[in-house]
Amino acid sequence: MKKVYTESKTPWWSYLMLITPVILIPVGIKMLNRAERPPAEKRLVEERALDENAEQRQEDEIAGRELVIVLTFIAVMTVVMSWIFLATSKYSVEASDLGIRFGYRSGVWSNRFSRQDILQVYPSECKFKEFGGFGIRYGFKTKRWGYICWSGSGVHIEAMKGSKQKRYVFSCSDPEACIAALNLSPEQIVTPEFESEE
């Protein structure tokens, strides 16, 4: 019978992307209120001479530009954070004797390898210390890409991507079952001798 391994999770930290616009909007409103003139000050401006009105118009133009910048920043951040949330809101791993796919919802943010492309694979640890956070990260010391959904159990994989050899580690609840589902040759499944040093 053909073995298949699948798992799917929603990372807790992806919800932080939704909170960011909620924080930015009140900050933007506060900045906009600061840019507005109090009514008493507006009355004083009307009583000034014509040369002072020119200065006032210049201040109003600056305030208008600041308003546009603040609104543009809030809109862009809201769109970007919403897109990141949608792209990272589902993390999944799928392995079978045909190959493996791991990563996030978007096709750009996931990797797929056939069984023949896999050079080495073994159970590993996804360490916060190595990658400095969650999501798609690069470990400069270990020179491997991390698809980190949580700290803890994972799978290390070395595979050919085009003509280049790439190293990855990805979060996996049951690394042994995932590797077994790939039905790899003994040469492809290795025991890590250097894992503790990384």
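The values are calculated or read from the model by the stated rules, or taken from the named source; none is laboratory data. For clarity, every value in this text was computed on a predicted model and none was experimentally measured. Every residue, glycine as well, gets a Cβ built from its backbone with ideal geometry; the counts of neighbours run over all protein chains shown. Protein only, heavy atoms only, side chains kept; ligands, DNA and RNA dropped before computing areas. Shrake-Rupley method; radii C 1.70, N 1.55, O 1.52, S 1.80 Å.
Looking across Ala63, Ala87, one residue alone is assigned to a helix (DSSP H, G or I), modelled with pLDDT under 80 and within 16 Å of the chain's Cα centre (by Cα). It is Ala87.
Residues in region 103-121 that are hydrophobic (A, V, I, L, M, F, W, C), at pLDDT 90 or above and open to solvent by 20 Å² or more (accessible area, probe 1.4 Å): Leu119 only.
Which residue out of Ser124, Ser163 is surrounded by 14 or more Cβ atoms within 10 Å (Cβ to Cβ) and among the hydroxyl-bearing types (Ser, Thr, Tyr)?
Ser124 is the lone residue from the list that is surrounded by 14 or more Cβ atoms within 10 Å (Cβ to Cβ) and among the hydroxyl-bearing types (Ser, Thr, Tyr).
Scanning region 148-169 for any residue that is in a loop (DSSP other than H, G, I, E, B), aromatic (Phe, Trp, Tyr), in contact (Cβ under 8 Å) with a residue 40 or more places away in the chain and more than 15 Å from Arg115 (Cα to Cα) turns up at least one such residue. Selection of region 7-22 for residues being assigned to a strand (DSSP E or B) and in contact with a helix residue (DSSP H, G or I) (Cβ under 9 Å, 6 or more places away or on another chain) yields only Glu7. Per this entry, Val79 is counted among residues that are open to solvent by 60 Å² or more (accessible area, probe 1.4 Å), out of contact with any Asp or Glu (no Cβ under 9 Å at 6 or more places or on another chain), at pLDDT below 85 and not aromatic (Phe, Trp, Tyr).
Checked against the criteria, Trp145 does not count as within 22 Å of Lys9 (Cα to Cα), part of a loop (DSSP other than H, G, I, E, B) and not hydroxyl-bearing (Ser, Thr, Tyr).
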